[in-house]
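Enquirer: There's a structure below that I have some questions on.
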Amino acid sequence: MKSKKEVVSATMKDVAQKANVSTATVSRALMNPDKVSQSTRNKVEKAALEVGYFPQALGRNMKRNESRTILVIVPDICDPFFSEIIRGIEITAAEQGYLVLIGDCAHQNQQEKTFIDLIITKQIDGMLLLGSRLPFDASIEEQRNLPPMVMANEFAPELELPTVHIDNLTASFNAVNFLHELGHQRIGCIAGPEEMPLCHYRLQGYVQALRRSGITVDPHYIARGNFTFEAGAAALEQLLALPQPPTAIFCHSDIMALGALSLAKRRGLKVPDDLSIIGFDNISLSEFCDPPLTTVSQPRFDIGREAMLLLLDQLSGQNVSSGSRLLDCELVVRGSTTKNKP
């Protein structure tokens, strides 16, 4: 096994001799891989590993004690909502030579020690939180010793982190107001978990839109779910059992809206003629279900990109003050909503 000293001292010339190519070809294969054939690239990469050669940039990073690696904490890796945010993060990170590690918070207990180890051993330079909580307990004082962090998608003022998100309250207000303009008076809400800040803001938007329209807010018309298809279906079942069930439903996520849509069909209801449904997020599936889902479109790729750019600013020594960066969103009207028939 080579020592670190030997690893760093290997040169491009050593790789060229091992792969039996010119140093120019080695340079192209490692820095501009598209300029050489796949077989040449494979040969050069294999030789680089064998002689222990790391490109100059990596050598410098080792000296500066940088890992060029970012840890992204995802509340639930199985939720398709996060895929486009992660893509925005990864593409932006790769442009600057950073690698992205994904940590799934849904299995937090097993992962907690791993996350802390990564930080202590300085295997990560920074963290991006896609939820509202740290993946481990840390006081405000302890947080100051953590690597730079940015929050994307959520907004939790108590963490005092730079944040990229949308105005969830206004987006929800507009969605519910749209249902009222279609003539709906009995508007139900399938809300997400109470402890999530974004769900709090989306519920506030729902409540404010009803009040603005002169509709009494009935707590029976609000059902809770955990952002799964099953939760959306169970919540709609609960709302349909009411003496006067809603004629329209506002959901805190497309996944729950799709669960509700499926349940409505199984109960023999026609969407949107018997029941209008609005989702939130504009995941790909919302465009291709039947009928296609009216939903609030979040700029998910841009949320990921902007959050990564904020983190890169911090890593380059810039003073990024905490506070929120609001990105625009819009209501996309499709076939799951229509005028209420009196």
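The values are calculated or read from the model by the stated rules, or taken from the named source; none is laboratory data. This one's a predicted model, so the numbers in the text were calculated from it and none came from an experiment. Methodologically, a virtual Cβ is constructed for each residue, glycine included, from the backbone with ideal geometry; neighbour enumeration extends over all protein chains shown. Side chains included, ligands, DNA and RNA excluded: accessible areas come from the protein's heavy atoms. Shrake-Rupley method; radii C 1.70, N 1.55, O 1.52, S 1.80 Å.
Enquirer: Return only the number of the condition from (1) open to solvent by 20 Å² or more (accessible area, probe 1.4 Å); (2) assigned to a helix (DSSP H, G or I); (3) within 18 Å of L129 (Cβ to Cβ) that M308 does not satisfy.
Expert: Checking M308 against (1) open to solvent by 20 Å² or more (accessible area, probe 1.4 Å); (2) assigned to a helix (DSSP H, G or I); (3) within 18 Å of L129 (Cβ to Cβ), the one that fails is (1).
Enquirer: Looking at S286, S321, S336, which one is crowded, with 18+ Cβ neighbours inside 10 Å and closer than 23 Å to D167 by Cα?
Expert: On the way: S321 fails: crowded, with 18+ Cβ neighbours inside 10 Å; S336 fails: closer than 23 Å to D167 by Cα.
Just one listed residue meets the conditions, S286.
Enquirer: Provide a single number: the residues in the range 209-242 that are open to solvent by 80 Å² or more (accessible area, probe 1.4 Å) and more than 22 Å from K270 (Cβ to Cβ).
Expert: 8
Enquirer: While we're here: Search the range 145-157 for residues that are on the phi < 0 side of the Ramachandran plot and pair each with any residue that is at pLDDT below 85 and open to solvent by 10 Å² or more (accessible area, probe 1.4 Å) when their beta-carbon atoms are under 6 Å apart and the residues are at least 6 apart or on different chains.
Expert: Correct list of pairs: E154/S132; F155/S324; A156/S132.
Enquirer: Can you tell me which condition E45 does not meet? The list is (1) assigned to a helix (DSSP H, G or I); (2) at pLDDT 85 or above; (3) among the acidic types (D, E), and all the others hold.
Expert: Just one mismatch for E45, condition (2).
Enquirer: Further question: Any idea which residue in the range 260-282 is most open to solvent (accessible area, probe 1.4 Å), counting only those that are within 17 Å of E230 (Cα to Cα) and out of contact with any Leu (no Cβ under 8 Å at 6 or more places or on another chain)?
Expert: R266
Enquirer: Please enumerate the residues belonging to the range 1-26 that are modelled with pLDDT under 80 and assigned to a helix (DSSP H, G or I).
Expert: K4, K5, E6, V7, V8, S9
Enquirer: Right, here's the next one. From the list N174, N168, pick out the single residue that is within 19 Å of V296 (Cα to Cα) and surrounded by 24 or more Cβ atoms within 10 Å (Cβ to Cβ). Explain how you work it out, then say what you get.
Expert: Numbers: N174 fails: surrounded by 24 or more Cβ atoms within 10 Å (Cβ to Cβ).
Within the list N174, N168, the selection yields N168.
Enquirer: May I ask you to list pairs of residues, at least six apart or on different chains, whose Cβ atoms are under 9 Å apart, with the first in the range 27-47 being open to solvent by less than 80 Å² (accessible area, probe 1.4 Å) and the second being modelled with pLDDT under 80 and of a type in the set (D, E)?
Expert: As it stands, the answer is A29/E45; L30/E45; P33/E45, since those pairs meet every condition given.
Enquirer: Keeping to the range 261-305, report how many residues are assigned to a loop (DSSP other than H, G, I, E, B) and at positive phi.
Expert: So the count comes out to 2.
Enquirer: Scan the range 187-203 and report the pairs whose first residue is under 13 Å from N153 (Cα atoms) and touching a residue at least 12 places away in the same chain (Cβ under 8 Å) and whose second residue is open to solvent by 30 Å² or more (accessible area, probe 1.4 Å) and not basic (K, R), with Cβ atoms within less than 7 Å and a gap of 6+ or a chain change.
Expert: P197/F155; Y201/L169
Enquirer: Any chance the range 260-276 includes a residue that's under 21 Å from the mean Cα position of the chain (by Cα) and of a type in the set (D, E, K, R)?
Expert: If we filter the range 260-276 for residues that are under 21 Å from the mean Cα position of the chain (by Cα), which is where we start, we get none.
The answer is no, given that none of the residues of the range 260-276 is under 21 Å from the mean Cα position of the chain (by Cα) and of a type in the set (D, E, K, R).
Enquirer: Considering each of V164, V207 in turn, give the residue that is within 24 Å of V332 (Cβ to Cβ), hydrophobic (A, V, I, L, M, F, W, C) and touching a strand residue (DSSP E or B) at 6+ places or on another chain (Cβ under 6 Å). Talk me through it step by step, then tell me what you get.
Expert: Numbers: V207 fails: touching a strand residue (DSSP E or B) at 6+ places or on another chain (Cβ under 6 Å).
After applying the criteria, what remains is V164.
Enquirer: For the range 136-157, give me each residue that is over 20 Å from I70 (Cα atoms), at pLDDT below 75 and not hydrophobic (A, V, I, L, M, F, W, C).
Expert: Matches in the range 136-157: S139, E141.
Enquirer: Tell me, please, whether a residue that is touching an Asp or Glu at 6+ places or on another chain (Cβ under 6 Å), touching a residue at least 24 places away in the same chain (Cβ under 8 Å), open to solvent by less than 60 Å² (accessible area, probe 1.4 Å) and in a loop (DSSP other than H, G, I, E, B) can be found in the range 243-253.
Expert: Here is the first cut: in the range 243-253, the ones touching an Asp or Glu at 6+ places or on another chain (Cβ under 6 Å) are 253.
Add one more test, that the residue is touching a residue at least 24 places away in the same chain (Cβ under 8 Å), and what stays is 253.
Checking which are open to solvent by less than 60 Å² (accessible area, probe 1.4 Å) leaves us with 253.
Pick out the ones that are also in a loop (DSSP other than H, G, I, E, B) and you get 253.
Within the range 243-253 (the criterion being touching an Asp or Glu at 6+ places or on another chain (Cβ under 6 Å), touching a residue at least 24 places away in the same chain (Cβ under 8 Å), open to solvent by less than 60 Å² (accessible area, probe 1.4 Å) and in a loop (DSSP other than H, G, I, E, B)), the answer is yes, since at least one residue qualifies.
This table checks each residue for (1) modelled with pLDDT under 70; (2) open to solvent by less than 20 Å² (accessible area, probe 1.4 Å).
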{"residue": "G59", "(1), (2)": "yes, yes"}
{"residue": "S67", "(1), (2)": "no, no"}
{"residue": "S83", "(1), (2)": "no, no"}
{"residue": "I86", "(1), (2)": "no, no"}
{"residue": "I91", "(1), (2)": "no, no"}
{"residue": "Q96", "(1), (2)": "no, no"}
{"residue": "H107", "(1), (2)": "yes, no"}
